[in-house]
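Report on the structure given below.
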Amino acid sequence: MKPMPFKNRPNIGADLLLAEKLIQLGARPPIVSQLCHLTRKQSIAFFKTVQGQAPKQGMLPHDHQWAIRSAFNNIHASLFLSMIEDIRHRLSTPNLDATLLVAAYEIYSNVASRMLADRQFIQPNSSQHYPLDINRAWYLITLLSTGDLVFILCGRCHARYLGMIHPDTAFSQCPICDVWTDRSGRRRWVSAKSKNHALNKPSAR
């Protein structure tokens, strides 16, 4: 559906305030356009106004296995999507809107900043930026909505974490209980990639 012109829209002020907040959190124009009912041209122009520079070019995050590539990724994805699900449940709103995304991502950012301050949660050679930016967070919501990502309750620690049900990948490993430390002191997890590699590795004769 084509966005309504500014002059004919009764809630344009609220939409622009949400668009500004999304852009400040790092959202790119395609997401702003979809959630705030702006055209692509309007979103790009507004992005330049808010950030003082042109938006990043290229595709949005679209790796459907990102949440299961490491325990670190899984913890952050599970944390954010748990917030989305809890807010949806409390507000009885099944659909994603800009207000919901902003609220959940701001809570996630606050919690993630405290997690990153604890060394045990910092991935080696990583920056202090949040591992889950708002653009990837938006994509993960679509995977949860389509059923590719599902929540699983660990029978040992009772944590709620993300597993995957996908034609190419079926995966379920608790990012807390199924992590161990190798001889070099690095934390290890059976990711989907390493699990598939082990299954496809030819057996010794």
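Read-outs throughout are calculated quantities, based only on the coordinates presented, and are distinct from any laboratory measurement. Predicted model only: the values in this text are computed from it and were never measured. FYI the Cβ positions are ideal-geometry reconstructions off the backbone, even for glycines, and counts take in every protein chain you see.
The magnitude of the dipole of the stretch 35-103, with charges of +1 and -1 set on the Cβ of Lys/Arg and Asp/Glu and taken from the Cα centre, is near 320 debye. Modelled this way, with points 7 Å down the Cα-to-C-beta line, the labels at L91 and I165 are 2.6 nm from one another.
For R188, the amide hydrogen comes within under 5 Å of the amide hydrogens of W180, T181, D182, counting only partners 5 or more places away or on other chains and with H modelled in the peptide plane.
Computed from label points 7 Å out along Cα-Cβ, the spacing between L17 and A103 is 1.5 nm. The calculated FRET efficiency for the pair D178 and T49, based on their C-beta separation and a Förster distance of 45 Å, comes to about 0.45. Each residue, D63 and C157, gets one label point 7 Å from its Cα in the Cβ direction; the gap between the two is 2.2 nm.
Computed 3J(HN,Hα) for the stretch 105-115, one whole-Hz value per residue from the Karplus formula 6.51 cos²θ - 1.76 cosθ + 1.60 where θ = phi - 60°, is 6, 5, 5, 4, 4, 5, 5, 4, 5, 6, 5, glycine and proline marked x.
Phi angles of the stretch 152-160 translate, via the Karplus equation with coefficients 6.51, -1.76, 1.60 and θ = phi - 60°, into HN-Hα couplings of 10, 9, 5, x, 9, 9, 6, 7, 9 Hz per residue; Gly and Pro are given as x. Ranking A159, I134, T146 by Cα position along the charge dipole of the stretch 134-184, where only Lys, Arg, Asp and Glu carry charges on their C-beta atoms, puts A159 farthest toward the positive end.
Specify which residue in the list I75, L38, S92 is farthest towards the positive end of the charge dipole of the stretch 31-93, using unit charges on the beta carbon of Lys, Arg (+1) and Asp, Glu (-1), about the Cα centre. Positive-most Cα among the choices belongs to L38. Oblate is the label for the stretch 38-94. Its Cα gyration tensor axes, ordered a ≥ b ≥ c, give a/c of at least 1.5 and b/c at or above a/b.
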